[in-house]
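The block underneath contains the structure these notes are about, expressed in structure tokens.
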Amino acid sequence: MLRFFLLFLTPLALPAETLSLAEALRRAEAGHPVLVAEGHAGRAAEALIEQAAARPNPTLDLTLENAAGTGALGGVERLETTVQVSRTLERGGKRENRIALARGERELAGHALAVRRAEVAAATAAAYIAVLAAQERLALSATALTLAHDTAEAAALRVKDAAAPAAESARARVSLASARAEHARIEAALAGARAVLAATWGGEASEVPALSGTLAVPSSLPEYDTLLAKLAAHPRLAQQLASVSRHRASLRLARSQASPDVTVAGGVRFLSEGSDAAFVAGVSVPLPFRGQNQGNIRAAREILAGTEQATLVVQAELRTGFNTAWRDLRSALAVAEELRANALPAAEEALSLVRHAHAGGELPLLDVVESRRALVGLRRELLDADIAAATALAALDALTDPAFPLTTALLSKP
């Protein structure tokens, strides 16, 4: 029985090599395929700025006149050749607005990368906590398994000494088999949690060593208003505001495209008689009777209005996520404090009393077993509350600070 108490009071030993949350976040940022893909999108947006700055190329025109006609214009005796170069001059600030739109696309791509990075970090932190929770559950399962094994041995000895009926030994063996099955299930869950964590950087479960840290809930909550103020810097909101700016640039470009461009041309005409030549020049301007890009302007205006309205949606979603995580944290903290301050000491006291009564022959062994099982179950409830608090704290960090300072401080507690 002493072995049970030693295991119960001693934390699970970890190998020398451990993986911190900061290292897991670093690996995920460096190796997650989504972040690599978003990096290509950013470089593509950069290249489009260069393309948007390009001006229209000049055009070379070669015109042959008075050739292969009839009568006096037959043959090529009166052939006249005109060579000229024409160039379109953009009006209305089209080039500047194209560049502004391309820069908006680049900014939007940068914010999209930041959003993906935040999502990957949040998933990594959640996966890290899941592995740590599985480690803690495995430690409790080992305690329960040791208890079941010791109980089965004690029951077998009592039956052998004719101090208890055979049914007592049979029930103890059933409990032992159940504890073994539960332990195997938790081992499989730990392996699965490690695979999920490793997938955040494109690795394998075998790359995940034992994790460092504790899931014990913090003694006090962080300041609500301070955390809430940081919500304004969330990458999703910055991305949405960048999308609004991008659509404003698109509207300006649509308006500038309503201005007709001017094409100027100049060249030389070579006359057929003698070696005479003459300079020619011309200007062409479209007559804007129809199609002044009004449809595209209205479409751009509506898209901009919709994007501005979507900003309110993003703000509401972030606020809802924040409040949900805050409520979960408060609830888990209250449960953990109650269990740790009142329920756990009472269960330990009950076990002590039952053991004393059993030693005096007042209670059977199964009452001791049930008291110990109740204590283990209570520790599982406490662990669940600690896990819920750590998960909520990580969710708050994901919304307010990509460095996860609250979660790191929690896991680093001695």
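Values in this text are rule-based calculations from the coordinates and carry no lab data. From a predicted model like this one, the values you see are computed outputs, not experimental measurements. Heads up, the Cβs are rebuilt from the backbone with ideal geometry, glycines too, and the neighbour counts pull from every protein chain shown.
Distances between every pair of Cα atoms in segment 170-299, grouped in 5 Å steps from 0 to the bin holding the largest one, split as 2, 7, 6, 6, 6, 7, 8, 7, 6, 6, 5, 5, 5, 4, 4, 4, 3, 3, 2, 2, 1, 1, 1, 0, 0 percent.
When the charge dipole of the chain is built from unit charges on Cβ atoms (+1 for Lys and Arg, -1 for Asp and Glu) and taken about the Cα centre, the candidate among Ala199, Thr400, Ile297 whose Cα reaches farthest toward its positive end is Ile297.
Computed from the C-beta positions of Asp276 and Ala47 and an R0 of 35 Å, the FRET efficiency is 0.10 to the nearest 0.05.
Normalising the Debye intensity of segment 271-414 to I(0), with uniform scatterers on Cα atoms only, and taking log10 at q = 0.19 Å⁻¹ returns -1.11.
In the set (i) 69; (ii) 49; (iii) 62, which value of percent of Cα pairs over 27 Å apart was calculated from the structure you see? Structure-derived value, by its label: (i).
Dividing the mean sequence gap of close Cα pairs (under 8 Å, 6+ apart) by how many residues the chain holds gives a relative contact order of 23 percent.
Loop sites only, by DSSP: take the GluC sites (Glu not before Pro) in the chain that have at most 11 other C-beta atoms within 10 Å and name the longest stretch containing none of them. By the stated rule (loop sites, at most 11 other Cβ atoms within 10 Å), 78-203. Note: segment 230-322, Cα convex hull, 124 Å³ per residue.
Largest first and in whole Å, give the semi-axes of segment 82-173's equivalent ellipsoid, each being the square root of 5 times a Cα gyration tensor eigenvalue. Walk me through the intermediate numbers first.
On the way: eigenvalues 1331, 24, 11 Å².
With the √(5λ) rule applied to segment 82-173, the semi-axes are 82, 11, 8 Å.
Bridges between two residues of the chain, per DSSP, are antiparallel at a rate of about 90%. Estimated from helices alone, the mean residue ellipticity of the chain at 222 nm is -23500 deg cm²/dmol (sum of -39500 (n - 2.57) over DSSP H runs with n ≥ 4, per residue). Note on Ser212 and Val285: the model spin-label points, each 7 Å out from Cα along the C-beta direction, lie 7.4 nm apart. Extension gain, Arg87-Val268: 0.36 nm per intervening residue step, less the Cα-Cα distance, totals 63.6 nm.
Across bins of 5 angstrom width beginning at 0, how are the C-alpha pair distances of segment 366-410 distributed, in whole percent? Result returned by the calculation: 5, 22, 17, 14, 10, 9, 9, 7, 5, 3, 1. Taking 1.567 mPa s as the viscosity and 4 °C as the temperature, the Stokes-Einstein diffusion coefficient of segment 337-402 based on its alpha-carbon Kirkwood radius rounds to 94 µm²/s.
Full extension from Val313 to Gln294: what is 0.36 nm times the residue separation minus their Cα-Cα distance, to one decimal in nm?
Numbers: separation 19, 0.36 × 19 = 6.84 nm, distance 2.91 nm.
Additional length available on full extension: 3.9 nm.
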